[in-house]
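The numbers here are math on the coordinates, done by the rules we state, and not lab data. Nothing here was measured: the structure is a model prediction, and the numbers come from that model. Here the Cβ positions follow ideal geometry from the backbone for every residue, glycine too, while neighbour counts run over all protein chains shown.
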Amino acid sequence: MARHRRALGYWGVMLALYLSLWLGATLAPPPWLHATMLFAHLASIIIGLGAAVFLEYNGLLWMMRRRTLADLRHTERSVSPLAWLGIIGLFASGAFLQPNLEDPLTVIKMAAVLLVAMNGIAMTRLTEELARLPAHVPFATIPPRVRLWCVWSAVVSQAGWWTAVVIGMLNTAVR
């Protein structure tokens, strides 16, 4: 059942990105709407990136034995909805910002956001795996495959979010 939900999630993310890009290529919003959506876009980045940084910071604290796995699980349940709010906000507001898909940097930015969303869905499997472990298990004692998975998911998340932020900043500076 969880695998089917993840599959639907992957398809849902791809459809949402496609719709956002299609609308972005189709719509010509008035300046007031463009400005409003730019604000929403920036707010979505702050919310999503902030949630990701906070979650991965708590994962790092777990690795350093300064938090328990139970603490990390609580944090994950608290901030995951915010990360998804950020991603959904980026897709929704981005549709009104007329992304230039002929610009290679914009294409990389879209790929980074897609990667972040897909990683978020994939992390639900990791969350299920971590839920099988005792609440106070130290990071160093979990199976190496799961340790690598935790680190890899965090690196992919941060690389994707920061790539999107930096490219967004560069694209804004060029305009």
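Overview of values
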{"item": "Candidate set from region 58-87 (those that are among the hydrophobic types (A, V, I, L, M, F, W, C) and out of contact with any Gly (no Cβ under 9 Å at 6 or more places or on another chain)); member that is farthest from S157 (Cα to Cα)", "result": "A70"}
{"item": "Residue that is more than 16 Å from the chain's Cα centre (by Cα), under 20 Å from D103 (Cα atoms), part of a helix (DSSP H, G or I) and touching a residue at least 60 places away in the same chain (Cβ under 8 Å), where the choices are L38, L21, L33, L17", "result": "L21"}
{"item": "Any hit, region 109-117, residues being more than 27 Å from M14 (Cα to Cα) and in contact (Cβ under 8 Å) with a residue 60 or more places away in the chain", "result": "no"}
{"item": "Every residue from region 139-164 that is out of contact with any Phe, Trp or Tyr (no Cβ under 7 Å at 6 or more places or on another chain) and of a type in the set (D, E, K, R)", "result": "R145"}
{"item": "Residue among V116, V107, V137 that is crowded, with 20+ Cβ neighbours inside 10 Å and β-branched (V, I, T)", "result": "V116"}
{"item": "Which listed residue is in contact with a helix residue (DSSP H, G or I) (Cβ under 6 Å, 6 or more places away or on another chain), surrounded by 13 or more Cβ atoms within 10 Å (Cβ to Cβ) and more than 22 Å from G89 (Cα to Cα), from W161, W149", "result": "W149"}
{"item": "Any hit, region 63-77, residues being within 15 Å of the chain's Cα centre (by Cα), surrounded by 15 or more Cβ atoms within 10 Å (Cβ to Cβ) and of a type outside the set (V, I, T)", "result": "yes"}
{"item": "Which listed residue, of A112, A40, A92, A70, is farther than 16 Å from A16 by Cβ and either of a type in the set (G, A, S) or touching an Asp or Glu at 6+ places or on another chain (Cβ under 9 Å) (or both)", "result": "A70"}
